[in-house]
1. Please determine whether any residue of the stretch 209-217 is closer than 24 Å to Glu361 by Cβ and assigned to a loop (DSSP other than H, G, I, E, B).
2. So for the stretch 333-345 (the condition being basic (Lys, Arg), touching a His at 6+ places or on another chain (Cβ under 9 Å) and surrounded by 11 or more Cβ atoms within 10 Å (Cβ to Cβ)), does at least one residue qualify?
3. Condition test on Gly266, is it among the small types (Gly, Ala, Ser), touching a residue at least 40 places away in the same chain (Cβ under 8 Å) and within 30 Å of Glu379 (Cα to Cα)?
4. Are any residues in the stretch 223-250 in contact with a helix residue (DSSP H, G or I) (Cβ under 6 Å, 6 or more places away or on another chain), farther than 24 Å from Gln26 by Cβ and open to solvent by 10 Å² or more (accessible area, probe 1.4 Å), and if so, which ones?
5. What's the total number of residues in the stretch 8-23 that are surrounded by fewer than 21 Cβ atoms within 10 Å (Cβ to Cβ) and not in a strand (DSSP E or B)?
6. Return the residues of the stretch 33-73 that are among the charged types (D, E, K, R) and either over 20 Å from the mean Cα position of the chain (by Cα) or modelled with pLDDT under 95 (or both); say none if nothing qualifies.
7. Return the residue satisfying two criteria in turn: it lies in the stretch 194-215 and is among the aliphatic types (A, V, I, L, M) and buried (at least 20 other Cβ atoms within 10 Å of the Cβ), and of such residues it is farthest from Met309 (Cα to Cα).
8. Checking the structure you have, find out if any residue of the stretch 50-73 is charged (D, E, K, R), out of contact with any Lys or Arg (no Cβ under 7 Å at 6 or more places or on another chain) and without any contact (Cβ under 8 Å) to a residue 60 or more places away in the chain.
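The values are calculated or read from the model by the stated rules, or taken from the named source; none is laboratory data. All figures in this text were calculated on a predicted structure; none of them were measured in a lab. Glycine gets a Cβ as well: all are built from the backbone with ideal geometry, and neighbour counts include every protein chain shown. Just the protein is used for accessible areas: all its heavy atoms, side chains included, with ligands, DNA and RNA removed. Shrake-Rupley method; radii C 1.70, N 1.55, O 1.52, S 1.80 Å.
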Amino acid sequence: MPLGAGDMETNEKFCCQAIEIDITPQKPVALVGQYYHRLATEVYSPLCANILVLRKGKETVIFVACEWLGVPEEFIEYAKSLLLEKVPGFPTDSVIFSATHTHTAPYVYDNHGSKTWGKDFDWVRTNEEEMSPEEYRKFSAERITDGILKAYCTCVPAVVSTDIRELSISFNRRTVYADGSAVMYGNTNRDDFVRMEGSSDNGVHLFALEDLQGKLIAAVIEIACPSQVLEHHCFVSSDYWNEVRIRLKALYGETVTIVGLCGAAGDLSPRDLVRAAMPEPEMHSTKMYQPEGTFYLADMITAAFQEFMGTRTKQDNPQLQHLSRVIELPLWTVTEKEYLQAEKAYQEKRALHEQMKDFTEAESYTLSIDAGVVIRWEEQQKSLTHPVEIHTVKLGDALLATNPFELFVEYADRIRSRSNCQNTVVVQLTGGYQGYLPSAVAVEHGGYSALVCNGLYASDGGDKLVAETLDMIGKMQ
């Protein structure tokens, strides 16, 4: 789509546009997000890339919220290069990719697992009709970049309203036992259960962007809850966000775009493990693993947005400011002794089966723990730090701070409480996908989400992320 001569001119008045792009795969696909193979041959609900373009003067900010598990750094670079092929000089530095963390979306790259666990965990074709990650990547990138250009070229003068509500949607998902260990989705109906490891986040941040005639262009909703109610199913789905989309379009018109952002929720999920006190496999038949759970969450979110719209205060010509930074965080390193032990254990476990498809989920998980240590040892021989892209965006009286992690809520609490803006929105899984960033307490307890194989950094990386984010916030006018 070529841009006209005036399409990239600046406008001193605040303008915006939003567009919803269907990125649902057209063929059967393997789904990413579990330790066992799932081939989806049906679509339960569509996947969308929800694009929001904000412009004022020389400032442009473009959010692309993908209903995926994560948006790999390689995809971001690929999409930006595609934008520049279509429109040389396009402001790609303004484009910020984010993910809602659904577990019922395709692989975008075949090496999603091998980055952390080695080539044994690469995507492997299991069906001749299956859409490969490369094919899906090209398909989705073409649609997304066309959508970005269309939204960029059709921005209109707009106003913004922002506010915060509280909903009990997400709960801590790490159970602590008397021996000092922790388990994600652990059974609380045990004599040695002590407590849930961390806090939760009931804050829901809401934005309404409207044209000057009062028509709703975009509803931006940030919730500290990954969209993984349906995480163990074998169909394509955007999880509870599709139900939110259906309800809000019924209220505000089919043209409104619903931009879902995932708040810091590395140790959170939509399940109350204290009240659903049972082992995880038994939980899979309960409401919060079924479509009924997505309806339940969507009803609450819709009601909160409706109430917000009834009391909103519109901000005419709001401030728009964007800062970005690439920071180096210290790798979570392993010792040579840990490496040698893990290498030996990995080879022994890997010999159990000739092909990875024959490993059970439990066997794959234990294999990944040793593989993660081996890969980390190899990585730290090259560098002891790794680059991380973060952003801060000031929009009216709200401020958004991003990171590429499944971020434990403790870090978001530290950022929000020390920010100079009461309405500070911490958005995870943005600017890439770099796994979990656990708290110091979680690292001490161990367990899934707080092991070397689950992410690149330990709590010293989290401490630096907080400091760098607060420094950027302090530079916002």
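1. Start the filter on the stretch 209-217 by keeping residues that are closer than 24 Å to Glu361 by Cβ, which leaves none.
The answer is no, given that none of the residues of the stretch 209-217 is closer than 24 Å to Glu361 by Cβ and assigned to a loop (DSSP other than H, G, I, E, B).
2. Within the stretch 333-345, not a single residue is basic (Lys, Arg), touching a His at 6+ places or on another chain (Cβ under 9 Å) and surrounded by 11 or more Cβ atoms within 10 Å (Cβ to Cβ).
3. yes
4. Answer for the stretch 223-250, where residues must be in contact with a helix residue (DSSP H, G or I) (Cβ under 6 Å, 6 or more places away or on another chain), farther than 24 Å from Gln26 by Cβ and open to solvent by 10 Å² or more (accessible area, probe 1.4 Å): just Arg247.
5. Total meeting the criteria: 3.
6. Keep residues of the stretch 33-73 that are among the charged types (D, E, K, R), which gives 38, 42, 55-56, 58-59, 67, 73.
Matches in the stretch 33-73: Arg38, Glu42, Arg55, Lys56, Lys58, Glu59.
7. Step one: of the stretch 194-215, the residues among the aliphatic types (A, V, I, L, M) are 194, 196, 204, 206, 208-209, 212.
Filter once more, so that each one left must be buried (at least 20 other Cβ atoms within 10 Å of the Cβ): 196, 204, 206, 208-209.
Values: Met196: 35, Val204: 14, Leu206: 9, Ala208: 8, Leu209: 11 Å.
Ranking the candidates gives Met196 first.
8. The answer is yes; a qualifying residue exists.
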